[in-house]
1. Which one of these is under 27 Å from VAL10 (Cβ atoms) and either touching a strand residue (DSSP E or B) at 6+ places or on another chain (Cβ under 8 Å) or free of Cβ contacts under 8 Å to residues at least 40 places away in the same chain (or both): ALA72, ALA29, ALA35?
2. Just to be sure before I move on: is PRO36 assigned to a loop (DSSP other than H, G, I, E, B), loosely packed, with under 14 Cβ neighbours inside 10 Å and modelled with pLDDT of 90 or more in the structure I sent?
3. From the list ALA13, ALA55, ALA44, ALA8, which residue is modelled with pLDDT under 90, among the small types (Gly, Ala, Ser) and surrounded by 10 or more Cβ atoms within 10 Å (Cβ to Cβ)?
4. I need a count of the residues in the range 39-71 that are small (Gly, Ala, Ser), farther than 18 Å from ARG82 by Cα and assigned to a strand (DSSP E or B).
Amino acid sequence: MRVLARGAPVQDANNPDEALRRRPLVGVAVLSGFAPGGGGEGRAYDPKTGRSYRARLRLNPDGTLRVTGCVAIVCRSQAWTRH
């Protein structure tokens, strides 16, 4: 990732689509394709690597969001907290 100028947003420099590499990361959708109400799968975009992964979401009782991304049969989960 690269900073444009002091205080400017970082660009999506690792995006596999060359036309998108100069867009700022602020406002880029990192989760897409999910239906309201839960269930099913969508996609999670990792701007650090420029890769998109199959993903599942689950709202935990404590209000955190469990995001699970998978490549083939290997999956990794994170708990996201609202700010």
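1. Details: ALA72 fails: under 27 Å from VAL10 (Cβ atoms); ALA35 fails: under 27 Å from VAL10 (Cβ atoms).
The unique qualifying residue is ALA29.
2. Working: assigned to a loop (DSSP other than H, G, I, E, B): yes; loosely packed, with under 14 Cβ neighbours inside 10 Å: yes; modelled with pLDDT of 90 or more: no.
No, not satisfied.
3. On the way: ALA13 fails: modelled with pLDDT under 90; ALA55 fails: modelled with pLDDT under 90; ALA44 fails: modelled with pLDDT under 90.
Unique residue meeting the criteria: ALA8.
4. Applying the first criterion (small (Gly, Ala, Ser)) to the range 39-71 yields 39-40, 42, 44, 50, 52, 55, 63, 69.
Applying the additional criterion that residues be farther than 18 Å from ARG82 by Cα yields 39-40, 42, 50, 52, 55, 69.
Now drop any that are not assigned to a strand (DSSP E or B), which leaves 42, 52, 55, 69.
Matching residues across the range 39-71 total 4.
The values are calculated or read from the model by the stated rules, or taken from the named source; none is laboratory data. All figures in this text were calculated on a predicted structure; none of them were measured in a lab. As a convention, Cβ positions derive from the backbone with ideal geometry for all residues, glycine included, and neighbour counts pool all protein chains shown.
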